[in-house]
Amino acid sequence: AQANGSVTLVQCWAHVRRAFFECEGHEPDKVARVLGLINELFRIEREANSGPPSMRAALRKEKSASVIDDIDAWQKSMQALPQSAFGKALVYLRERWQALTLFLGDARIPEDMKDIARFRLEERGLGA
């Protein structure tokens, strides 16, 4: 949410990772590269979450931004049939790109929404 009451949509890297993981058998070399980069984002976030928001912001600027640049270059270099499993994963990434990268500029935004989704389910008595 913004100070003016508007809401900004952010997207979850865990969902992108799952989309590529599901097509790994079709394009193993291509998928291995992006999964490695996404896993590096998660590693950086684990490190960043061990400290205050100022540390998370610094690590994102210092480390995560370059990983995002690498993912961006990778996805721009990829081609696939849109209806193939790999093509669908690429489309999923590309259509959400702006919302996936918002976490770089705001230390309050997690790079993945698993914890938020889990909290909402538990809040409604639906999750464990």
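The values are calculated or read from the model by the stated rules, or taken from the named source; none is laboratory data. This structure is a prediction, so every number in the text was calculated from the model and none was measured. Here the Cβ is made from the backbone with ideal geometry for all residues, glycine too, and neighbour counts use every protein chain on show.
Considering the range 1-40, and only residues there that are small (Gly, Ala, Ser) and modelled with pLDDT under 90, the residue that is nearest to the chain's Cα centre (by Cα) turns out to be ALA1. Are any of the residues in the range 41-61 farther than 19 Å from LEU9 by Cα, part of a helix (DSSP H, G or I), modelled with pLDDT of 95 or more and of a type in the set (S, T, N, Q)? No, there is no match, as no residue in the range 41-61 is farther than 19 Å from LEU9 by Cα, part of a helix (DSSP H, G or I), modelled with pLDDT of 95 or more and of a type in the set (S, T, N, Q).
Is the range 10-31 home to any residue that is among the β-branched types (Val, Ile, Thr), touching a helix residue (DSSP H, G or I) at 6+ places or on another chain (Cβ under 9 Å), part of a loop (DSSP other than H, G, I, E, B) and surrounded by 15 or more Cβ atoms within 10 Å (Cβ to Cβ)? Yes, there is a match, as at least one residue in the range 10-31 is among the β-branched types (Val, Ile, Thr), touching a helix residue (DSSP H, G or I) at 6+ places or on another chain (Cβ under 9 Å), part of a loop (DSSP other than H, G, I, E, B) and surrounded by 15 or more Cβ atoms within 10 Å (Cβ to Cβ).
List the pairs whose first member sits in the range 60-79 and is more than 16 Å from ASP29 (Cβ to Cβ), whose second member is of a type in the set (Asp, Glu) and outside any helix (DSSP H, G or I), and whose Cβ atoms are under 9 Å apart, counting only residues at least 6 apart or on separate chains? The qualifying pairs are ARG60/GLU111; SER64/GLU111. Would you confirm, using the coordinates I've provided, whether LYS76 is exposed (fewer than 15 other Cβ atoms within 10 Å of the Cβ) and not in a loop (DSSP other than H, G, I, E, B)? Yes; evaluated as a whole, the condition is true for this residue.
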